[in-house]
Structures are given as C-alpha cells and as structure tokens.
Amino acid sequence: MADIRIPFNRPSFVGRERAYMEQCLAAGQLSGGGGFTRRCCELLEARLGCGRALLTSSCTDALEMCGLLLDLGPQDEFIVPSFTFTSSANAFALRGARPVFADVRPDTLNIDERQLEALITPRTRAIIVVHYAGVACAMDEICAVARKRGVMVIEDNAHGIFGKYKGRLLGTIGTLGTLSFHETKSVSCGEGGALLVNDSTLVERAEILLDKGTNRQQFFRQQADKYTWVDLGSSFVLADLLASMLLAQLEAEVEICSRREEIWRGYQRGLSAWASANGVLQPTIPPDCDSSYHLYHLILPNGGVRDRLLAHLRTLGILGVFHYQALNASPMGLRLGGRIGQCPVAEDVSMRLVRLPMFFSLTGAEQDQVTDAVTRFDSF
C-alpha cells in the first residue's frame, strides 16, 4: 500500500492559536467558562446574530442539549435525513424518541422537503435538518411545514458555519442550531461545538443544562442565592484551553472561508470536463444559497467505480474517502424502525460518493496532483 502523501484532512493553524493557548496556560484557567470561552460566544453571537451561543465539547453534545430542551421522550418522534452522521439521530434517540427517516434530494443531498408533510404524525416533535457540505436546505418550505404542523426545526449545521440561505446565516433560522469545531471542519479546535439558541425563552434553561443541571450561571450573575441542582443536564462545556484555539480560528474566518471556496472552485473547474464525459455528478449549489464550502464530493456512476477510484487514488498516495451510510438501512436504524428501501436516494448515494482532500493548508500543487489523479482514472 502506498504511503499517503496528500491526506484527506490536515489540521491547520491559521492565526493566533499558539499565542492564545499560551495566554490561557499562563492565566491558569483551563476548564470551561473562562475568558476565551466568553470571547468566542460573544464573537459568534455578534457575527451570526443568534440569541445566545454556548460552547460545547462537541456538536453531538449540542444536539443532545436540543433533545433535553425539547423534553423528548419515548412517546415522541423526530424526522431526520437518512444521509447524515449518526449524531443527528443518536442525540434524540437517546431520549427514547423514535427516528423517522426522510430521504434526501439528489441534487444537494439535503433532506427532501417535499416528503415532510407525509412523514409528520401527531407524535412528531421536531424536524432535524442537516446542511450537507455547507449548502442550505430549503428552509422556507421546511419552516412553513413545521409552523403549519406545530413542530420545531433544529439545524444540525456541523458543515455550514458562515453559510447562508437567502442571506440568512445557517444555524440561526430554526428554533435551535448546532455547530461543529471538529478537526475536519472549516473552523476547528480539535474537538468542540456550539449550541445556538434562537428562541429567547430557551436561553435560561440551556445555560442550566450546559452546567450539569445547575443554576451556576444565575448564581455568578447574583440572580440566585444558592448554586444547586435544578434540572437535568450534563458536563457539556468546552475547555477554555480549546476555546483559546477556537477564538484564533474564528478571528481568521475571512481567510479560512476564502481559501476553502478557492479550493472548491478549483476542483469544480478542473474536474468538469472529466465528470461530464464519464457520467460523474459534481456538487450543486442552488442560487439562493451561499455555501460554506465545507467539502468537495463526486458521485460516481456506481459503487464499483467509486471503490476503484478510491483504490486508484490510494496507489498514488492520495486519500479520498466515502461518506455516510444511509441510517435507515444501518443495523441500529433497522432496530429503530428503519427499512431497507425506505430512502432510495440516500441508500444509492452512500454507495457512490467520494470526498476529495479539502483543507485550508492544501497547496495549489497538491490540489493539482489530486485533480490530475482523478482525471487520469478511466476504469469505468
């Protein structure tokens, strides 16, 4: 097996990460709730315009907080796209709620808004939308259905920080939104996430859930005379040491987003003729969406061709990868009521999709090597 010369992802320092981490170490405040956490939250609130941003140790934790805030239980259902990461379903299934899997659109790979009306039942409490690759779901249609049927919309925006839908920033459109700062994401601190609370009536309880079910924040603001257990919760907070790294990345937003768009567009141009000639589908960005350019994917004619392309790239020292397996057809999805054949687009795409190396520090020369390797593949 060839050594990997161009990885799928390479964590990158782009600003003042080391300086801020040294400041945090010198200050001696490494756990959650310190000065860097506060600065990150204030920056996110100002930049995104959300009611409240709370840093968490992962996007998964932020999603689990959403399940707690909705008081989901075994009597409830939630709608979730089948083509997504397990956390989009796990976070709510952990509360005992039943997932109802929705298929995705073949163009954006986002939840198919045309299916929602038929999937909602009297037990439905929430629609989980995932902005795949940083391209927005059809939020107007989704929110209209949700309002009509009295259910909440939760945005799993792990891919889409700073992406927009009709000028509105992703993560701020639904009742709640979540972000990921995992090392594979555009803005990263290794592991981390955020909960965006867009409904002011949920802010106080969200703070309590974040702090292990205590009224700690109210106590610090002298709004309570005791610091005690008042609700369910868990240890969701992000360490301030990681927040110091995150702040530097958030401050470098323009540079990061610009470079990722440049890489994405370079792939789109460089692979266009090859894709057209060989029946390969390239990504689609609808005109009312401003992408975050989180990833670049190709959809091959069939699974065999996809696997041969991945093997071809690996022999050249390039790591391409596949992505989600359809949740409805997964072992756990089947246990929770999913059926094979229930989401045909998701099941099909999961067998045909390839993601190419995409990260801030990918050089022009490296991208040229990837593009050349892909266009030399002819084992169709």
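How many residues does the range 123-162 contain that are closer than 29 Å to R259 by Cα and either of a type in the set (D, E, K, R) or out of contact with any Cys (no Cβ under 7 Å at 6 or more places or on another chain) (or both)?
Of the residues in that region, 13 qualify.
Applying the selection to the range 188-238, what residues are in contact with a His (Cβ under 9 Å, 6 or more places away or on another chain) and surrounded by fewer than 16 Cβ atoms within 10 Å (Cβ to Cβ)?
Of everything in the range 188-238, just one residue is in contact with a His (Cβ under 9 Å, 6 or more places away or on another chain) and surrounded by fewer than 16 Cβ atoms within 10 Å (Cβ to Cβ), namely G190.
Among the residues in the range 100-113, are any touching a helix residue (DSSP H, G or I) at 6+ places or on another chain (Cβ under 8 Å), part of a loop (DSSP other than H, G, I, E, B) and of a type in the set (A, V, I, L, M, F, W, C)? Can you show your working first?
Step one: of the range 100-113, the residues touching a helix residue (DSSP H, G or I) at 6+ places or on another chain (Cβ under 8 Å) are 100-106, 108-113.
So of that shortlist, the ones also part of a loop (DSSP other than H, G, I, E, B) come out as 103, 105-106, 108-110, 112.
Of the ones still in play, those that are also of a type in the set (A, V, I, L, M, F, W, C) are 109.
Yes: one or more hits.
When the range 3-57 is examined, which residues are found to be part of a loop (DSSP other than H, G, I, E, B) and either on the phi > 0 side of the Ramachandran plot or more than 24 Å from the chain's Cα centre (by Cα) (or both)? Explain how you work it out, then say what you get.
Restricting attention to the range 3-57, the residues satisfying the condition of being part of a loop (DSSP other than H, G, I, E, B) are 3-5, 7-16, 28-34, 49-51, 57.
Selection gives D3, I4, R5, R16, G28, Q29, L30, S31, G33, G34, G49.
Quick one: is F92 in contact with a helix residue (DSSP H, G or I) (Cβ under 6 Å, 6 or more places away or on another chain), farther than 25 Å from L295 by Cα and part of a helix (DSSP H, G or I)?
Details: in contact with a helix residue (DSSP H, G or I) (Cβ under 6 Å, 6 or more places away or on another chain): yes; farther than 25 Å from L295 by Cα: yes; part of a helix (DSSP H, G or I): yes.
Spelling it out, F92 is indeed in contact with a helix residue (DSSP H, G or I) (Cβ under 6 Å, 6 or more places away or on another chain), farther than 25 Å from L295 by Cα and part of a helix (DSSP H, G or I).
In the list R260, R265, which residue meets the criterion of being in a helix (DSSP H, G or I), surrounded by fewer than 20 Cβ atoms within 10 Å (Cβ to Cβ) and either hydroxyl-bearing (S, T, Y) or at pLDDT 95 or above (or both)?
Numbers: R260 fails: surrounded by fewer than 20 Cβ atoms within 10 Å (Cβ to Cβ).
Sole residue among the options that is in a helix (DSSP H, G or I), surrounded by fewer than 20 Cβ atoms within 10 Å (Cβ to Cβ) and either hydroxyl-bearing (S, T, Y) or at pLDDT 95 or above (or both): R265.
Tell me, which residue of the range 305-325 that is in contact with a strand residue (DSSP E or B) (Cβ under 8 Å, 6 or more places away or on another chain) and either at pLDDT below 95 or part of a loop (DSSP other than H, G, I, E, B) (or both) is nearest to V345 (Cα to Cα)? Let's see the steps before the verdict.
So in the range 305-325, the residues in contact with a strand residue (DSSP E or B) (Cβ under 8 Å, 6 or more places away or on another chain) come out as 306, 309-310, 317-323.
Adding the requirement that they be either at pLDDT below 95 or part of a loop (DSSP other than H, G, I, E, B) (or both) leaves 317, 319-320, 322-323.
Working: G317: 31, L319: 25, G320: 22, F322: 16, H323: 14 Å.
Applying the filter and picking the extreme gives H323.
Considering F101, F85, which residue is over 17 Å from A158 (Cα atoms) and aromatic (F, W, Y)?
On the way: F85 fails: over 17 Å from A158 (Cα atoms).
Result of the check over F101, F85: F101.
Restricting to the range 291-304, give me the number of residues that are within 18 Å of M358 (Cα to Cα), touching a strand residue (DSSP E or B) at 6+ places or on another chain (Cβ under 9 Å) and not hydroxyl-bearing (S, T, Y). Steps first, answer last, please.
As a first pass, look at the range 291-304 and keep what is within 18 Å of M358 (Cα to Cα): 291-299.
Cutting the leftovers down to touching a strand residue (DSSP E or B) at 6+ places or on another chain (Cβ under 9 Å) gives us 291-292, 295-299.
Now restrict to residues that are not hydroxyl-bearing (S, T, Y): 295, 297-299.
Of the residues in the range 291-304, 4 are within 18 Å of M358 (Cα to Cα), touching a strand residue (DSSP E or B) at 6+ places or on another chain (Cβ under 9 Å) and not hydroxyl-bearing (S, T, Y).
Listed here are the residues, each with its yes/no results for (1) farther than 19 Å from C59 by Cβ; (2) at pLDDT below 95; (3) touching a strand residue (DSSP E or B) at 6+ places or on another chain (Cβ under 9 Å); (4) assigned by TED's automatic domain parsing to the domain that holds I127.
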| residue | (1), (2), (3), (4) |
| --- | --- |
| G171 | no, no, yes, yes |
| T175 | no, no, yes, yes |
| F181 | no, no, yes, yes |
| G192 | no, no, yes, yes |
| N198 | no, no, yes, yes |
| G213 | yes, yes, yes, yes |
| A224 | yes, yes, no, yes |
| V237 | no, no, yes, yes |
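Of all residues in the range 147-185, which are of a type outside the set (S, T, N, Q) and within 14 Å of I111 (Cα to Cα)? Steps first, please.
The first filter runs over the range 147-185 and keeps only residues of a type outside the set (S, T, N, Q), leaving 147-156, 158-171, 173-174, 176-177, 179, 181-183, 185.
If the condition is that a residue be of a type outside the set (S, T, N, Q) and within 14 Å of I111 (Cα to Cα), then V153, I154, E155, D156 are the ones that fit.
Could you grab the pairs with beta carbons closer than 7 Å, sequence gap of 6+ or different chains, first residue in the range 106-126 and small (G, A, S), second one not in a helix (DSSP H, G or I)?
A126/L70; A126/F78; A126/V151; A126/M152; A126/I154
Per-residue answers, yes or no, for (1) surrounded by fewer than 19 Cβ atoms within 10 Å (Cβ to Cβ); (2) out of contact with any Leu (no Cβ under 9 Å at 6 or more places or on another chain); (3) of a type in the set (A, V, I, L, M):
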{"residue": "L25", "(1), (2), (3)": "yes, no, yes"}
{"residue": "G35", "(1), (2), (3)": "yes, yes, no"}
{"residue": "E42", "(1), (2), (3)": "yes, yes, no"}
{"residue": "G49", "(1), (2), (3)": "yes, no, no"}
{"residue": "S58", "(1), (2), (3)": "no, no, no"}
{"residue": "E64", "(1), (2), (3)": "no, no, no"}
{"residue": "L69", "(1), (2), (3)": "no, no, yes"}
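The values are calculated or read from the model by the stated rules, or taken from the named source; none is laboratory data. None of the values given here were measured: they were computed from a predicted structure. Backbone-built Cβ (ideal geometry, glycine too); neighbour counts: all protein chains shown.
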